[in-house]
1. Which of the aspartates and glutamates could a cross-linker span from B:LYS48 if the Cα-Cα distance has to be under 18 Å and same-chain partners fewer than 8 positions apart are dropped?
2. What accessible area, in Å² to the nearest ten, does a 1.4 Å probe give for A:HIS112?
3. Quick check on the protein assembly as shown: take the gyration tensor over C-alpha atoms, sort the square-rooted eigenvalues as a ≥ b ≥ c, and tell me if it's rounded (a/c under 1.5), prolate or oblate.
4. For the protein assembly as shown, give me the percentage of DSSP beta bridges that are antiparallel, rounded to the nearest 5 percent.
5. Longer than 19 Å from Cα to Cα, which of B:LYS4/B:LYS153; B:LYS50/B:LYS87; B:LYS20/B:LYS52; A:LYS27/A:LYS173; A:LYS128/A:LYS173; A:LYS27/A:LYS127 are they? Say none if no pair is.
6. Where does the longest stretch of chain A lie that holds no chymotrypsin sites (Phe, Trp or Tyr not before Pro) found in a DSSP loop with 13 or fewer other Cβ atoms within 10 Å?
7. Grab the DSSP H runs of the protein assembly as shown that are 4 residues or longer, score each as -39,500 (n - 2.57), total them, divide by all residues and round the 222 nm result to the nearest 500 deg cm²/dmol.
8. Looking at chain A only, what percent of DSSP beta bridges run antiparallel? Nearest 5 please.
Amino acid sequence: MSNSFVMYPTIDENLFDLMGITLNNVKFFFLNEEGEIEIDDIERENMSYQIVSTLTGYSPQKNELIIEVELEITDVRHLFGEEGVTNAFGVLGIALHWYSVSSSQRGSCKIHEIHPMDKKVLVNYRKKINASEFRGVVDFNFSIYLESMKPNFLDEFYCNTPGTIFGQFLPFKLIFDGRGSMFPITVESRPNAPLWRVLMEFGDICNETFTSEYLQICLNSAHPQFQIINEGLSIKKSPLLIEIISSALVIIVDEIKSDQNDWENILSGNYQEGSIAAAIHYFLTTFEWDVSSLNKLSYSIRNTLNEKIGR
Amino acid sequence: MVWKELTKSQCEEIISTTDKLEPDFDAEYQELYDGLAKIYKDIAISTKNKYKIDYLFGLSLYSYLRDANFTLRDASNDDVWRYLSVKVFPQQVASRWNGLHEDRLYKLSRRIWLKTLWWYIHLSWAGSVEETTKVVEGNSTDEIMQLVERSGKGYLISLYRQIMLKYSLLDSSYKKRTTNIFRKVLILNTAMIQTVEPCFFSGGLVGYVDYLFNYFIDGEKQ
């Protein structure tokens, strides 16, 4: 997402709707000695795909992963000319982008070209991900960018810098490890200590990321009850883990709320993307948590998790 | 090799019990330790220059880890670096950073020393140890910090390698501290990459990097 102010036409919501862009399909395959195998053991929540079990034999460390996407644009003619982003001599490109904070990497690749005489576009693209390349969460999205154009003295307002991105859309996430993107959870061994604790090491929630570096639920593998959570360690399968996460979220929200400045920044949207403040704002607005008292907060958090995950 | 992990809180507990950390690692790490501890010792005898220690040890660390099948997945896992720092090479960290330095050992993700060395070399990699040495030898600890601490949404590795290569080939008059061209190029990139994808620019990545440098060099010529 860019906060910059640009002097050339870009793809706004109206143009996006006019074009009719859809992501028809996202499929996953991996390679082993027998060839290519489709991974159908995927948990999908909105546009977040988690490769859950290893029943199919897929291992992020050992196997290449192939992501197959099918993108469709009903009418690309809207991109050219007066209401569009380039003139009749422009050539546009469709790109797939990926970003992964947890893997410290990002990249892009071109998946299609759009010419002024095109009408409908259907792209079927396969992206290969090497074994042991990514960990955690990888965010993907698509963009339409300028491949080339011939400026005409009549329409100098069009952008003529190749590589300029006119709009990004259809984001989706792939989760390689961990127990979903809801919360940073780690495991440690502490004999004679309780089953879990919350570590809060944040100081600047508007900039610090919502990752285990700054806050985490630590589960204690030395606790006798750890086995109840540990079977698969998938949130869906463990009511105990849902309760732990709920309680931890109450502690964290309460801690953050105690700082008036921080709370105001959250409510007014004054924070960096991906920050702790951004995550809390998302939870508050999307799930409408009731923060008027600890009891109500605890209840509304448990209600959310129960609805989203518990059934 | 399966790389062992230590969490931040585990590191804190270990450090709370002692003022001086000694190596204390699993048997699988013995070969790695023997090789690199000796290399560090030789480097530390040959020079007192902090940057030289950093890039020379960094190149060796990178090579040894590559030979032990260390992957990108491992390199982006802070807990793997914490184990390497606190359990395997604490003495080398202490020698480089004048004693027990928590941020450089485990506390600050972007400052764990061994991690910064590995990523500095990886983001400067020019195909071989020899070629990469040529790319990095003329720099300073400032370049390590500027390059590695800007991870943002993830490093565009091929771009940074091109930037490091171009920077190493620049006339030394442009590299004097006062002009600060490295920092300026990285900041310009941070701004441009919001709206332009480097690999689709005219001339691709090479063209994009030339543009970034020329933005400042042409201006200074006047």
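The values are calculated or read from the model by the stated rules, or taken from the named source; none is laboratory data. If you're wondering where the values come from, they're calculated on a predicted model, not measured in any experiment. In this analysis, Cβ positions are derived from the backbone assuming ideal geometry, glycine residues included, and neighbour counts consider all displayed protein chains. Note: areas computed on protein heavy atoms with side chains; ligands, DNA, RNA excluded. Shrake-Rupley method; radii C 1.70, N 1.55, O 1.52, S 1.80 Å.
1. Straight-line reach from B:LYS48, under 18 Å: B:GLU137, B:ASP142.
2. 60
3. Oblate, since a/c reaches 1.5 and b/c is not below a/b.
4. 85
5. The answer is B:LYS4/B:LYS153; B:LYS50/B:LYS87; B:LYS20/B:LYS52.
6. Answer - A:158-311.
7. -11000 deg cm²/dmol
8. If we restrict to bridges inside chain A, about 90 percent are antiparallel.
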